[in-house]
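K.L.:
A single structure is presented below for examination.
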Ligand code: ADP
Ligand code: MG
C-alpha cells in the first residue's frame with residue numbers, strides 16, 4: 001500500500017508536505033483519477049519518461065519547499081518534443097533556484113498534458129470542531145475571488161455529494177455553457193465520495209488540495225494535488 005509506505009516516512013515532523021507525485025500516488029490508490037506523474041532526476045530521464053508517456057507532456061518542479069509551482073516558474077505545459085523538454089528542464093531548474101534558493105529540489109515531475117476541461121477544485125481540511133470537511137468549487141477566479149464553494153462534513157453520503165455540487169452558484173457552468181461541454185457530474189460525485197472515504201480512514205492526513213481537476217463530458221482528471229500530513 002502506497003498510502004502506508006508514505007505515512008511511514010512522515011517521521012516526527014508536526015506537518016509534512018508531500019510532493020505532487022506522492023499525493024497523486026495516494027489519491028490514485030484511493031481510486032481517484034490523476035494524470036500519470038513520474039519523477040525525473042536528470043534531463044535524460046525527463047526525455048525518456050516523456051517519450052514513454054507520449055508527447056505533449058508537462059514538466060513541473062518537484063520540491064516540498066515550493067508549493068506554488070507556477071509562481072516560481074516551475075511549470076511548463078504543452079511540450080511537444082525532445083528539444084522542448086530539454087529546454088523546459090533547464091528553464092524550470094534555473095527559475096526555481098533563483099526564486100527559492102534554499103529549496104531542496106527532488107527533481108522534475110513529468111506528466112501527460114490533460115486536455116482542457118471545466119476546472120473544478122476539490123479539497124479536504126480539518127475543522128477544529130467538525131473534523132475532516134470536504135470542499136467543492138469551480139476553479140480559478142470562482143474560488144479565489146468569488147469564494148463560490150460548498151462544504152460538507154466527512155463521511156459524505158451519496159446525496160451530500162450531489163447537494164454540494166448543486167449548491168455552488170456557478171453550477172450552470174457545469175451544465176454546459178455557451179457551447180462548452182457539460183461536466184460529468186456523477187463522476188465528480190464519485191470523486192467526492194472516494195475522497196471522503198480516504199479522509200475518513202486516514203487520520204494522519206491534515207489537508208488535501210486537488211487544484212485543478214479538469215472535468216469532461218465523460219470523466220474528470222486531477223492535474224495537480226497536494227497533501228499535508230500531521231503527526232498527532
Ligand atoms: P501550481 O503549483 O502552480 O498550482 P499546477 O500543477 O496547478 O501548479 O499547474 C499550474 C497550471 O498548469 C494548472 O492550473 C493547469 O492549468 C496547468 N496544468 C498543470 N498540469 C497540467 C497537465 N497535466 N495537463 C494540462 N494542464 C496542466
Ligand atoms: Mg495547482
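Where a number appears in this text, it was derived from the coordinates with a stated rule and is not lab data. On a predicted model such as this, the values are computed, not experimentally measured, just so you know. FYI the Cβ positions are ideal-geometry reconstructions off the backbone, even for glycines, and counts take in every protein chain you see.
K.L.:
In deg cm²/dmol, rounded to 500, what helix-only [θ] at 222 nm does the chain give when every DSSP H run of at least 4 residues adds -39500 (n - 2.57) and the total is split over its residues?
P.N.:
-10000 deg cm²/dmol
K.L.:
Using a Gaussian network for the chain with springs between C-alpha atoms less than 10 Å apart, which of these wobbles most: 214, 89, 130?
P.N.:
130
K.L.:
For segment 1-150, what does the relative contact order come out to in percent, with C-alpha contacts under 8 Å and a separation of six or more?
P.N.:
Across segment 1-150, relative contact order equals 22 percent.
K.L.:
I've got another one for you. Report the semi-axes of the equivalent ellipsoid for segment 1-132 in whole Å, largest first, where each axis is √(5λ) for an eigenvalue λ of the Cα gyration tensor. All intermediate terms of the calculation are to be shown ahead of the outcome.
P.N.:
Values: eigenvalues 140, 67, 44 Å².
Working from the Cα gyration tensor, I get semi-axes of 26, 18, 15 Å.
K.L.:
With the chain treated as a Gaussian network of Cα nodes joined by springs under 10 Å, which of 172, 217, 69 yields the largest mean-square fluctuation?
P.N.:
Comparing 172, 217, 69 in the GNM, the peak value goes to 172.
K.L.:
Shifting gears a bit: Compute for segment 69-141: radius of gyration divided by Kirkwood radius, i.e. Rg/Rh, restricted to C-alpha atoms, rounded to two decimals.
P.N.:
Result for segment 69-141 is an Rg/Rh of 1.10.
K.L.:
For segment 137-178, taking Cα atoms only, what is the radius of gyration to one decimal and the Dmax to the nearest whole Å?
P.N.:
11.1, 35
K.L.:
Same structure, new question: Any chance you could give the angle, 0 to 90 degrees and rounded to 10, that helix 158-167 forms with the longest Cα principal axis of the chain?
P.N.:
80 degrees
K.L.:
How much FRET efficiency would the formula 1/(1 + (r/R0)^6) give for residue 232 and residue 158, where r is the Cβ-Cβ distance and R0 is 30 Å, rounded to 0.05?
P.N.:
0.50
K.L.:
Further question on the same structure: Under a no-solvent Debye model with one identical scatterer per Cα of segment 16-93, what's log10 I(q)/I(0) at q = 0.16, 0.19, 0.23, 0.24 Å⁻¹?
P.N.:
-0.60, -0.83, -1.14, -1.20
K.L.:
Share of Cα-Cα pairs in the chain beyond 32 Å, in percent?
P.N.:
20 percent
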